[in-house]
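These notes are about the structure you will find just below.
Nothing in this text is a laboratory measurement; each read-out follows from the coordinates by a stated rule. Quick caveat, the model's predicted, so the values are computed rather than measured. Cβ atoms come from the backbone with ideal geometry, glycine included; neighbour counts cover every protein chain shown.
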Amino acid sequence: MKAAVVRSFDRPLEIDEVPVPEPGVEQVLVKIETCGLCHTDIHAARGEWPIKPSPPFIPGHEGVGIVERLGSGNSHGLEVGMRVALPWLGYACGDCRYCNTGWETLCLSQQDMGYSINGGFAEYTVGYARHVVRVPDGVDPVVASPLTCAGVTTYKAVKISGADSSRLVAVFGAGGLGHLAIQYARITGASVVAVDINDERLATARTVGAEYTVNPTQEDPAAAIQRLGGADVAISTAVSPRAFEQAIASLARGGTLVCVGLPAENTMQVPIFETVLQGLTIRGSIVGTRHDLEEVFELHRRGLTTVEYAEIELDDVNAAIEQVLDGSAPAPRLVFRMQPVSPAGHNAKAVPVHA
């Protein structure tokens, strides 16, 4: 099968022919139809985070495709022909205090797709049956892919942020994650201000529900947001520590910063005096559970969200990475189309909804 493989952190990904994997106990083999390109895949391919994957490996944690074969043991209700998504959280133990209290994303035994488990930048991949998520009829796989990470990550961030109809939410970074965070905040009834250095992204932010936009290259975003009364919630999906610092400074008294993006530079300055006297809260939010993803798919199936994406070929993976890094990508999310959508199977019919 064809796959994009990381063989060294200091080299581009290689398009190789590799063996089709075999599903193990309680695993499923999935024929990948689509897989989104997330900034996390770039960090993984370049070994930029403190905990690094081990080359060679195949990135990709927004894989969507058709179940082709079941491994032995419990298939957790999956059948051959079903369309499923393979999210970032590829495996959790199911027994620890985190798994048993709805926080499986904090499991110390977790394994992650495209990081410690080979991911979706391939024609086939293997996932654990308990952790793949069925894609509903009516949700096109090319749209389901970004929802599998960018969607569920920002949905969870909004979910824990306290956003509601009386709040002002500032979203720092209006790209692949941010344009979805704006929509989930709007679903709560909140007013939204989008912050980004790319005017095209800000234009997209307006179309998906942002009432205000700020370009930090043209004005101080914290000052601009404070003129609106300050943000009750700031969600930072950016990959620059400076954006997180601006987000803190934009908060109203009693406000909450939710950290989502993971910059390669792993530190930010937090003003202790202001944090204490203004009663600020700083929270981390790491993706969402498989149940959160089910809710994300349902919101999209009902026509409440829009995904802005462009399709690309896997052969162009390295060029696509450069486009994401330099801001020239043609859409907030780039999605690899591995093969034509299958017309067969229990859940294989795809009717695009607000693509």
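Things to note:
- Extension reserve of the Trp49-His291 stretch, reckoned as 0.36 nm per residue once the Cα distance is removed: 84.4 nm
- The alpha-carbon of Lys2 sits under 16 angstrom from the alpha-carbons of these aspartates and glutamates, leaving out residues fewer than 8 places away in its chain: Glu14, Asp16, Glu17, Glu22, Glu33, Glu123, Glu313, Asp315, Asp316.
- Ratio of the Cα radius of gyration of the range 218-331 to 2.2 N^0.38 Å, where N counts its residues: 1.31
- Compared with the alpha-carbon gap, the fully stretched path from Cys96 to Ala223 is longer by 41.3 nm at 0.36 nm per residue.
- Close amide H partners of Ala231, meaning residues 5 or more places away or on another chain with modelled amide H under 5 Å apart, are Leu251, Ala252.
- With θ taken as phi - 60° and the Karplus curve 6.51 cos²θ - 1.76 cosθ + 1.60 applied, the whole-hertz 3J(HN,Hα) list for the range 252-259 is 6, 4, x, x, 10, 9, 10, 8 Hz, x standing for glycine and proline.
- Packing-based order for 192-202, 34-44, using average beta carbon neighbours within 10 Å, highest first: 34-44, 192-202
- Coarse-grained scattering of the range 27-164 at q = 0.12, 0.17, 0.21, 0.22 Å⁻¹, given as base-10 log I(q)/I(0) from a Debye sum over alpha-carbon atoms: -0.47, -0.95, -1.36, -1.43
- The simple Förster model, with R0 at 25 Å and r as the Cβ-Cβ distance, assigns Asn74 and Glu298 a FRET efficiency of 0.50.
- Database remark: amide H of Phe336 closer than 5 angstrom to the amide H of Cys35, Gly36, Leu37, Ile312 (H placed geometrically; neighbours at sequence offset of 5 or more, or on other chains; Pro and chain starts carry no H).
- Over the range 45-114, the alpha carbon radius of gyration divided by the compact-protein estimate 2.2 N^0.38 Å works out to 1.30.
- Here is how the number arises for the chain: DSSP H runs of 4 or more residues each give -39500 (n - 2.57), the sum is divided by the residue count, and the result at 222 nm is -7000 deg cm²/dmol.
- Rounded to the nearest Hz, the phi-derived 3J(HN,Hα) couplings of the range 120-133 under the Karplus curve 6.51 cos²θ - 1.76 cosθ + 1.60 (θ = phi - 60°) are x, 7, 7, 6, 9, 8, 10, x, 7, 4, 5, 10, 6, 10, where x marks glycine and proline.
- Full extension of the chain segment joining Arg253 with Thr275 gains 7.0 nm, where the gain is 0.36 nm per residue of separation less the Cα-Cα distance.
- The range 82-95 - phi-based ³J(HN,Hα) in whole Hz, Karplus 6.51/-1.76/1.60, Gly and Pro as x: 6, 8, 9, 10, 10, x, 3, 6, x, 7, 9, 5, x, 10
- Bridge type composition, the chain - antiparallel percent by DSSP, nearest 5: 55
- Mean projected area in nm² (Cα convex hull; one quarter of hull surface) for the chain: 16.6
- Short-range pairs are left out: with C-alpha atoms under 8 Å and at least six residues apart, the relative contact order of the chain is 20 percent.
- Cβ-based net charge around Asp232, under 10 Å, with every Lys or Arg adding one and every Asp or Glu removing one: +1
- Separation between Cα centres of the range 12-64 and the range 286-342, rounded to whole Å: 15
- Debye equation applied to the C-alpha atoms of the range 154-284, log10 I(q)/I(0) at 0.09 Å⁻¹: -0.20
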